[in-house]
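Q: Sharing a structure, written as structure tokens. Questions coming.
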Amino acid sequence: MNAYWCSHVVFDPSDMERMFSNEDGLAQYPSSYEELSDEAKAEMEKVKAVLDQIPAREADFVELYYFNRVRQTAIAQLFNISQPTVCYRLQRAAARIKYLLDMPTYDAWLLEQDLRGVLTDERDIKIMLGMLRTTCQSEVAQELGVTQGFVRHRYFRTIDRLKAMRDMDLYVKMFEHVAANLNILKETHRSAWSDPVVYAVM
């Protein structure tokens, strides 16, 4: 039996055991970290290395569900949300993690220097670096005080320019990876089914 106290959930120790599951976690992994193959351990470390780049709540869910094998229903109870919301956020986290792991490895300092060597407009440089950092056209537009359409146009135009240049293949691949995953790193919120719906009659 659990209870709420000062926005915290208080659990009876006997309830804790029921919150963990072997069948609900990653099926391909054994029950303990020590039993993993070196390859599986390396993959898990890669995932853990990018958790700080996704929303903190989703990182918590990934840690609990995939690494600690806590059931989705138990996570929902811990955070006082619905199980479908936990499922959605886990799916979203998985997509973000895949994006981050598929991004080619690059040197951020060298990237900026190389862009400054071939691009003359400071706004284009900031757009390319901003899109790589956020994947969000609207966020970059707000930072630069321009329109989202301006950011989009200049971003894709710069990619085309880089394609025509020598030794820019890695950067083109990176920027195209972003273009194929716009807003993947942006925090999103779904409305709950219980949220009130307001109708505006014109």
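Read the figures in this text as sums done on the coordinates, not as results from a lab. Everything numeric here is computed off the predicted structure, so don't read it as measured data. As a convention, Cβ positions derive from the backbone with ideal geometry for all residues, glycine included, and neighbour counts pool all protein chains shown.
Q: Restricting to region 54-71, name every residue that is over 19 Å from the mean Cα position of the chain (by Cα) and either of a type in the set (Lys, Arg) or surrounded by 18 or more Cβ atoms within 10 Å (Cβ to Cβ) (or both). If you could, list the steps in order and put the result at the bottom.
A: We begin by selecting, within region 54-71, every residue over 19 Å from the mean Cα position of the chain (by Cα); these are 68-71.
Answer for region 54-71, where residues must be over 19 Å from the mean Cα position of the chain (by Cα) and either of a type in the set (Lys, Arg) or surrounded by 18 or more Cβ atoms within 10 Å (Cβ to Cβ) (or both): 69, 70, 71.
Q: How do the helices (runs of 4 or more DSSP H) wholly within region 31-127 filter down when requiring 1 or more residues that are within 30 Å of residue 154 (Cα to Cα) and either without any contact (Cβ under 8 Å) to a residue 60 or more places away in the chain or aliphatic (A, V, I, L, M) (or both): which remain?
A: Hits in region 31-127: 38-50, 83-102, 108-118.
Q: Select from region 152-174 the residues that are assigned to a helix (DSSP H, G or I) and charged (D, E, K, R) and list them in ascending order. Working first, answer last.
A: Kept after step one, since they are assigned to a helix (DSSP H, G or I), are these residues of region 152-174: 152-163, 169-174.
Once the filter is applied, which keeps residues that are assigned to a helix (DSSP H, G or I) and charged (D, E, K, R), region 152-174 yields 152, 154, 157, 160, 161, 163, 169, 173.
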